[in-house]
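Report on the following structure.
The values are calculated or read from the model by the stated rules, or taken from the named source; none is laboratory data. Given the structure is predicted, the values throughout are model-derived calculations rather than measurements. Cβ placement follows ideal geometry from the backbone for every residue including glycine, while neighbour counts extend to all protein chains displayed. Side chains included, ligands, DNA and RNA excluded: accessible areas come from the protein's heavy atoms. Shrake-Rupley method; radii C 1.70, N 1.55, O 1.52, S 1.80 Å.
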Amino acid sequence: QVEVVESGGGLVHPGESRRLSCAISVSDFSFYDLAWYRQTPGTQREWIAGETESGAITYADAVKGRFTISADNAKKMLYLQMNNLKTEDTAVYYCNAAKAGNNYWGQGTQVTVSS
């Protein structure tokens, strides 16, 4: 059974940084497309950053230049470094791993940006 577990959320002030982590228990981690999404109440889950199994990285405009996605294949971990956080970044952040029609999600981790 695949487990996806996010961690690292919490309360931060505007302008501060935070690093989210995601542990993904799949045997062939390096063959997955990986991504981070976020969601606020009453809205659809929003894709914000992704890294394909070939290493191509893309970002949503809302986070480009501030957030960095990275993966550690040996540790089977996905990370999201978030810098210069803004109040509008407040959301539940979700990790996603996808391959060949299989789509795995974690339970999410809350990030609240507030002064």
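Return one whole number: the accessible area per residue of region 50-114 in Å², for a 1.4 Å probe.
Working: 3200 Å² over 65 residues.
With all protein chains present, region 50-114 gives 49 Å² per residue.
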*Report the paramagnetic label zone for GLU3: residues of region 96-113 whose backbone N is under 19 Å from a point 7 Å from Cα along the Cα-to-Cβ axis.*
96-98, 103-110
*How high is the relative contact order of the chain, in percent, with contacts defined as C-alpha pairs under 8 Å that are six or more residues apart?*
37
*Could you name the lysines whose alpha carbon sits less than 20 Å from that of LYS76, not counting residues in the same chain fewer than 8 places away?*
LYS99
*With a 10 Å radius around each residue's Cβ, average the other Cβ atoms per peptide and rank 84-93, 8-17, highest first.*
84-93, 8-17
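What Kirkwood hydrodynamic radius do you get for region 20-70 when you take the inverse of the mean 1/r over all pairs of distinct Cα atoms, in Å?
Values: mean 1/r = 0.0824 Å⁻¹.
Answer for region 20-70: a Kirkwood hydrodynamic radius of 12.1 Å.
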*Please work out the Cα center distance from region 23-44 to region 60-105, rounded to the nearest Å.*
7
*asked:* Quick check for you: which residues of region 45-59 have the amide N under 17 Å from the point 7 Å beyond the Cα of GLN81 toward its beta carbon?
replied: 49-51, 57-59
